[in-house]
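The values are calculated or read from the model by the stated rules, or taken from the named source; none is laboratory data. Owing to the predicted nature of the structure, the values given are computational and were not obtained by experimental measurement. Virtual Cβ from ideal backbone geometry, glycine too; neighbours counted across all protein chains shown. We work out accessible area using only protein heavy atoms, side chains counted, and drop any ligands, DNA or RNA first. Shrake-Rupley method; radii C 1.70, N 1.55, O 1.52, S 1.80 Å.
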Amino acid sequence: MNNWTLLSILILVVCVKQMGCDQSSSCSRHLQRPEHEYHLTKECAESYMRIVASSNATKLESCVQFAATQNAFAFTYANFTKGTMPMLSFTCNVFDCPEFHPFLLAAGESVYDYYSMYSKPLRLGVFEMVMNPLNYSNAMVACEDVGGHLANVVSDSRTSFLATLVSSDLKNNTPTNRKAFVGLFFENGFVTITGEPLSCLPFRAWAPGHPKTGSPRKDCVVLAANRYWETVDCSRKLPYICELVPDGPLSPVERYCAPINNIKRRKNCILRNHNQFEQIEQTKQQCNGNINTNKSEAINDNN
């Protein structure tokens, strides 16, 4: 198994992550332990997240096993193939939360490689409260731009958990304004952001008098700090909660464009260079195919 192998583990999947590397953020048990994979996210990179455990693993596989025992979302491992190693306290460091986005990692001369469940930023999982107010449709797009969707709140544990996030992050707002858009809206009935009709699900947390069904109809849902769902006009500009979705490793073209912080410019970079990287990959596959064919022919000749 090498550094490019996808490494399967069982791991917990709930983390509150706020921008700015809030050291008080933590990961906790929630629902079941689904099967996920660690991916090599960035080489020569450090994480800003809080280290929860460390070890002197001599192999990548040992670091993976150690991270799994710690229910870690991410870890760094010192790659001994990079030449002379400096004196290290530990070769394997595991983190309580993954980076919100791999492009935020501190890259440079680090001897560590960074592995994460969320190599493409972050269904169950990592949540980000975005304070910059947007209307509902723009909030949906903004969450999609960072690899996720508006947070799904249709369970008692999710509603309670995220209401705590709303309460703490919007504590400077007046009590009536401590609310944020979430992934529930009206479309021939209330539907979650992932397409499940609310009528098919058992949980409700409507505030008294909600949902509003008068005219004009209030079609979009916010989660309030008091743990209730409320319906509001979709055109209102409010904070919102993104839920980031676990994804596979970055493609070569995504790695190439990763240093670009501006989302639109990064997307344009990927679109411009996609064909070139695709051709490079095809050439590599052809070369590998030729090498394997030649090896097979040489073996047959020797026999």
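Placing a pseudo-label 7 Å from each Cα along the Cα-to-Cβ vector at Asn177 and Asp156 gives an inter-label distance of 3.4 nm. Shape class of segment 125-238 from the alpha-carbon gyration tensor: rounded, with the ratio a/c of largest to smallest axis under 1.5. Per-residue accessible area (protein heavy atoms, 1.4 Å probe) orders Met131, Met49 as Met131, Met49, starting from the largest. For segment 121-179, what does the alpha-carbon gyration tensor say about shape, rounded, prolate or oblate, given a ≥ b ≥ c as the root eigenvalues, a/c under 1.5 as rounded, and a/b over b/c as prolate? Here segment 121-179 falls in the oblate category. Within the assembled protein chains, the solvent-accessible surface assigned to Ser62 is about 50 Å², based on a 1.4 Å probe. Taking all protein chains as they are arranged and a probe of 1.4 Å, the heavy atoms of Phe90 leave approximately 90 Å² accessible to solvent. When you restrict to C-alpha pairs under 8 Å that are six or more residues apart and normalise by the size of segment 174-241, the relative contact order lands at 38 percent. Ranked by solvent-accessible area (1.4 Å probe, protein heavy atoms only, all chains present), the residues Met117, Met87, Met140 order from largest to smallest as Met87, Met140, Met117. With a Förster radius of 41 Å applied to the C-beta separation of Lys264 and Glu61, the computed FRET efficiency comes to 0.55.
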